[in-house]
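Participant: I'd like to ask you about the structure that follows.
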Amino acid sequence: MKWKKIKIVRDSGEIIYEGPFNELPLREEYIVEKSVELYKEPEPCIIYRTHIMKKFYIEVMDYLQEKNIKKGASLDCDDCQELLAPLMLDTTNSSLTLM
């Protein structure tokens, strides 16, 4: 799968993330929580970590496809805060653009 590049920009114009979709930073608490849930492992190895992260990225990409967000189009992050909650970024009052 070829990952897309994205940009997350605050309503004020501040860029809070720009780069490959699959490099969005996830909260460590989320990774550990999912590791315990999926594998009963509180100290996830790199394989578990990678699987958890990829699963999150695919879930977000599926959501973007559902919303028909294509290259150059933007999504208001406030409309999907629950989905984006695992990110280490504060995405309130911002938009996500596929590049």
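The values are calculated or read from the model by the stated rules, or taken from the named source; none is laboratory data. No experiment lies behind these values; they were computed from the predicted model shown. Cβ: placed from backbone, ideal geometry, glycine included. Neighbour counts: every protein chain shown. Remember, those area values only see protein heavy atoms, side chains included, never the ligands or the DNA or RNA. Shrake-Rupley method; radii C 1.70, N 1.55, O 1.52, S 1.80 Å.
Participant: Would you confirm, using the coordinates I've provided, whether Ser95 is of a type in the set (Gly, Ala, Ser), in a strand (DSSP E or B) and surrounded by 14 or more Cβ atoms within 10 Å (Cβ to Cβ)? Don't jump to the end; show me each part of the working.
Facilitator: Values: of a type in the set (Gly, Ala, Ser): yes; in a strand (DSSP E or B): yes; surrounded by 14 or more Cβ atoms within 10 Å (Cβ to Cβ): yes.
Yes; evaluated as a whole, the condition is true for this residue.
Participant: I'm trying to understand the selection: among the residues of the stretch 41-62, which are within 19 Å of Glu18 (Cα to Cα) and either open to solvent by less than 60 Å² (accessible area, probe 1.4 Å) or touching a His at 6+ places or on another chain (Cβ under 7 Å) (or both)?
Facilitator: Across the stretch 41-62, the qualifying residues are Met53, Phe56, Tyr57, Ile58, Val60, Met61.
Participant: How many of the residues making up the stretch 1-35 are in a helix (DSSP H, G or I), surrounded by 14 or more Cβ atoms within 10 Å (Cβ to Cβ) and modelled with pLDDT of 95 or more?
Facilitator: Restricting attention to the stretch 1-35, the residues satisfying the condition of being in a helix (DSSP H, G or I) are 21-23, 28-35.
When the remaining residues are screened for being surrounded by 14 or more Cβ atoms within 10 Å (Cβ to Cβ), the result is 21-22, 30-35.
Within this subset, residues satisfying the condition of being modelled with pLDDT of 95 or more are 30-35.
Number of matching residues: 6.
Participant: Next question, about the same structure. Among the numbered conditions (1) without any contact (Cβ under 8 Å) to a residue 40 or more places away in the chain; (2) farther than 20 Å from Leu87 by Cβ; (3) charged (D, E, K, R), tell me where Lys71 comes up short.
Facilitator: Just one mismatch for Lys71, condition (1).
Participant: State all residues of the stretch 64-78 that are open to solvent by 50 Å² or more (accessible area, probe 1.4 Å), more than 14 Å from Arg10 (Cα to Cα) and in a helix (DSSP H, G or I); if no residue qualifies, say none.
Facilitator: First pass over the stretch 64-78, keeping only residues open to solvent by 50 Å² or more (accessible area, probe 1.4 Å): 65-68, 70-72, 74, 76, 78.
Now drop any that are not more than 14 Å from Arg10 (Cα to Cα), which leaves 65-68, 70-72.
The answer is Gln65, Glu66.
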